[in-house]
Amino acid sequence: MAEVEREAMEYDVVIVGAGPAGLSAAIRLKQLDSDLNVVVLEKGSEVGAHILSGAVLDPSGLDALLPDWRDMGAPIKTPVVEDNFYMLGEGGQVRIPNWPMPPLMNNHGNYIVSMANVCRWMAEVAEGLGVEIFPGMSCSELVYGDAGEVKGVVAGVMGLAADGTPGPNYEPGMELHGKYVFLSEGVRGSLAKEVIAKYDLSSGHEPQKFGLGMKEIWEIDPEKHKLGTVTHTMGWPLGSNAGGGSFIYHIEGNQVYVGFVVHLNYQNPHLYPYMEFQRFKHHPMVAELLKGGKRVAYGARAISEGGYQSMPKMVAPGVALLGCSVGMVNVPRIKGNHNAMLSGKAAAEAAFAAIGAGRSSDELADYETDVRGGAIGADLKKVRNVKPLWSKFGLVASLMGGGLDMWANTLGFSLFGTLSHGKTDAAATGKAADFAPINYPRPDGVLSFDRLTNVAFSFTNHEESQPPHLKLKDASIPISVNLPEYAEPAQRYCPAGVYEVVAEDGKDPRFVINFQNCVHCKTCDIKDPSQNINWTTPQGGDGPNYPNM
Ligand SMILES: Cc1cc2nc3c(=O)[nH]c(=O)nc-3n(C[C@H](O)[C@H](O)[C@H](O)COP(=O)(O)OP(=O)(O)OC[C@H]3O[C@@H](n4cnc5c(N)ncnc54)[C@H](O)[C@@H]3O)c2cc1C
């Protein structure tokens, strides 16, 4: 395609992604100087459309950003009143008492929220301060300056035909230039991935680790609903096949968030994370809660799990990585929203100081110092060994060793120093021949659902005439390598049924990509054992349309 001519707009700070990190950065910039020009670009059809989180919110991030949030009409109404933790077996459960848990695991003072709604509210606050927010704008490319610095992004390319050439409704999009560009794309950001590779930001750090989080919203029998109750489980059905666990949060409107996380470092390529989630709902304790209720929404998203030792360098010339584009989830607490907010605030403060000093397009080193040395670093450092212990020694050892280490860290020392994660999740995948296939029960259509039925409840929509946004580096690998060696795990790890191997009589098998189903979880980009799938942004406004996730 010939060189595309685009209009360019100049800003002080260009922010990619209207999640808690990006919106916090925008709010803080305008609090510091209302004359700064700040723009936020969001690929979802509206702010919140792509936000999928538990969520139990630790309000420390919001307290720092908007100390008066309790008087500002925030959709944060449900304090946690009860906190339960169970170890599940197939037919029963054992409650783990709260007293041996380190204090950091306590949910007292936290809130059960829809983060999608919290982000919608934060966007209103930001707009009230004069931030420009453009939903439906995918940022598909980075713009580099002459010295190799990140100068801006290309956003709003629409109407490409399936072969990538301009279609009848083609819009070339525009360039948005900033003195600084903040990438707050969340976990496995596509532009962040490019920046990390280009500037070698992971060098000297552990590989990032991930889980796949799947979630349904259920409306349940009011008699069974216990507003403010938080339940976490581990154990069945995953057993020794994979790390992970579940969460059940009772929020307003007789709704419960039922979620399941599978750590993506599992070895057995026959594992089917979506089916593990469906099976989980048939546990007697969970089935009893959901019986008579109905599932009203479904979604999935990867969650970063590498923590402290996996955070890459987060600044390069002209650009800073925020929130889960760095990976700031406290794994045992399953909480990252507070750190995402704190990182947005820290990045904004560093950019404000730099711009005030007449600087632009350089490295915001003060931001990185703040993250590693401040509240975020302190939060993540205490729990840094939980995930590696779990990966190496399994659930029970990690509960005991990780628990003791969290206690020790609370007192200011560690039993293990800093443990390493070792392999990437893709490299952890074993060969199909070395593992037994797993037989999953068929969904019953009442408590459990087949994947495509559930995807309809993510309200996902993609313009079908555009090029697939899931790009294979080598189109032959799924059938020539992944199928014989790994039984092509994309068929199973994708929680939206995007990938199929179609075997018709008398014909060679074909790899089919149903990109229209994609819920933007990024699992394929992470888990493909050949690292052959590149998740790129589809045109703006496409993807899931989550209600109150
Ligand atoms: C199942 C699950 C449960 C969780 N539970 C909790 C919990 O209970 N409590 C908690 O604190 N944390 C929880 N987390 C973690 C939490 O979701 C993350 O830490 C948090 O979302 C990180 O915020 P962020 O702003 O960095 O990214 P995100 O919230 O992911 O926001 C990124 C935004 O950027 C947009 N975007 C991405 N790329 C582009 C692009 N190229 N162009 C334009 N827009 C783009 C996305 O559409 C999205 O709106 C959970 C995560 C999962 C997956």
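The values are calculated or read from the model by the stated rules, or taken from the named source; none is laboratory data. This structure is a prediction, so every number in the text was calculated from the model and none was measured. Here Cβ is always computed from backbone atoms with ideal geometry, including for glycine, and neighbour counts include all displayed protein chains. Remember, those area values only see protein heavy atoms, side chains included, never the ligands or the DNA or RNA. Shrake-Rupley method; radii C 1.70, N 1.55, O 1.52, S 1.80 Å.
Can you find a residue that is part of a loop (DSSP other than H, G, I, E, B) and modelled with pLDDT under 95 anywhere in the range 194-201? The answer is no, given that none of the residues of the range 194-201 is part of a loop (DSSP other than H, G, I, E, B) and modelled with pLDDT under 95. Scanning the range 104-117 for residues that are in a helix (DSSP H, G or I) and within 10 Å of the ligand (Cβ to nearest atom) yields a count of 2.
Scanning the range 349-368 for residues that are of a type in the set (A, V, I, L, M, F, W, C) and within 13 Å of Val315 (Cα to Cα) yields Ala350, Ala351, Leu364, Ala365.
Does Asn439 qualify as being under 29 Å from Gln531 (Cα atoms) and surrounded by 16 or more Cβ atoms within 10 Å (Cβ to Cβ)?
The answer is no for Asn439.
If you filter the range 383-421 down to residues that are within 23 Å of Met87 (Cβ to Cβ) and charged (D, E, K, R), you find that the one that is surrounded by the most Cβ atoms within 10 Å (Cβ to Cβ) is Lys387.
Residues of the range 167-190 that are β-branched (Val, Ile, Thr) and in a strand (DSSP E or B): Val181 alone.
Among the residues of the range 84-96, are any farther than 28 Å from Gly377 by Cβ, more than 9 Å from the ligand (Cβ to nearest atom) and of a type in the set (Lys, Arg)? Scanning the range 84-96 turns up at least one residue that is farther than 28 Å from Gly377 by Cβ, more than 9 Å from the ligand (Cβ to nearest atom) and of a type in the set (Lys, Arg). Taking the criterion of being part of a helix (DSSP H, G or I) and in contact (Cβ under 8 Å) with a residue 24 or more places away in the chain, the residues of the range 363-375 that qualify are Ala365, Tyr367, Glu368, Asp370, Val371, Arg372, Ala375.
May I ask you to say which residue of Glu206, Glu216 is more than 10 Å from the ligand (Cβ to nearest atom) and closer than 22 Å to Phe277 by Cα?
Of the residues listed, the single one that is more than 10 Å from the ligand (Cβ to nearest atom) and closer than 22 Å to Phe277 by Cα is Glu216.
Return yes or no: is His225 open to solvent by less than 10 Å² (accessible area, probe 1.4 Å), more than 16 Å from the ligand (Cβ to nearest atom) and not polar (S, T, N, Q)?
Taking the combined requirement at face value, the residue does not satisfy it.
If you filter the range 136-164 down to residues that are open to solvent by 60 Å² or more (accessible area, probe 1.4 Å) and assigned to a loop (DSSP other than H, G, I, E, B), you find that the one that is nearest to Glu42 (Cα to Cα) is Ala162. Only residues that are open to solvent by 40 Å² or more (accessible area, probe 1.4 Å) and under 16 Å from Gly73 (Cβ atoms) were counted in the range 106-135, giving 6. Contact map, the range 521-544: first residue among the basic types (Lys, Arg), second residue in a helix (DSSP H, G or I), Cβ cut-off under 6 Å, separation 6 or more or different chains; pairs are Lys527/Tyr493. Evaluating Asn37 against the criteria (1) near the ligand (Cβ under 10 Å from one of its atoms); (2) more than 23 Å from the chain's Cα centre (by Cα); (3) not charged (D, E, K, R) leaves one unmet condition, (1).
For beta carbons closer than 7 Å, sequence separation of 6+ or different chains, a first residue in the range 451-475 that is at negative phi and a second that is open to solvent by 20 Å² or more (accessible area, probe 1.4 Å) and part of a helix (DSSP H, G or I), the qualifying pairs are Val455/Asn517; Thr460/Asn517; His462/Gln516; Glu464/Gln516. In the condition set (1) open to solvent by 10 Å² or more (accessible area, probe 1.4 Å); (2) closer than 29 Å to His469 by Cβ; (3) β-branched (Val, Ile, Thr), Val187 is compliant with all but (1).
Yes/no matrix, rows are residues, columns are (1) outside any helix (DSSP H, G or I); (2) within 16 Å of the ligand (Cβ to nearest atom); (3) in contact with a strand residue (DSSP E or B) (Cβ under 9 Å, 6 or more places away or on another chain):
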| position | (1), (2), (3) |
| --- | --- |
| Ser343 | no, yes, yes |
| Ala353 | no, no, no |
| Ser361 | yes, no, yes |
| Gly377 | no, yes, no |
| Lys387 | no, yes, yes |
| Gly403 | no, no, no |
| Trp407 | no, no, no |
| Gly430 | yes, no, no |
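Answer with yes or no whether Gly306 is touching a Ser or Thr at 6+ places or on another chain (Cβ under 7 Å), open to solvent by less than 10 Å² (accessible area, probe 1.4 Å), touching a residue at least 40 places away in the same chain (Cβ under 8 Å) and of a type outside the set (Ser, Thr, Tyr). For Gly306, the condition - touching a Ser or Thr at 6+ places or on another chain (Cβ under 7 Å), open to solvent by less than 10 Å² (accessible area, probe 1.4 Å), touching a residue at least 40 places away in the same chain (Cβ under 8 Å) and of a type outside the set (Ser, Thr, Tyr) - is not met. Scanning the range 184-203 for residues that are more than 10 Å from the ligand (Cβ to nearest atom), in contact with a Lys or Arg (Cβ under 9 Å, 6 or more places away or on another chain) and touching a residue at least 12 places away in the same chain (Cβ under 8 Å) turns up Ile196, Tyr199, Leu201, Ser202, Ser203. Would you check if Tyr367 is modelled with pLDDT of 95 or more, under 30 Å from Leu483 (Cβ atoms) and either within 12 Å of the ligand (Cβ to nearest atom) or buried (at least 24 other Cβ atoms within 10 Å of the Cβ) (or both)? When the stated conditions are applied, Tyr367 does not pass them.
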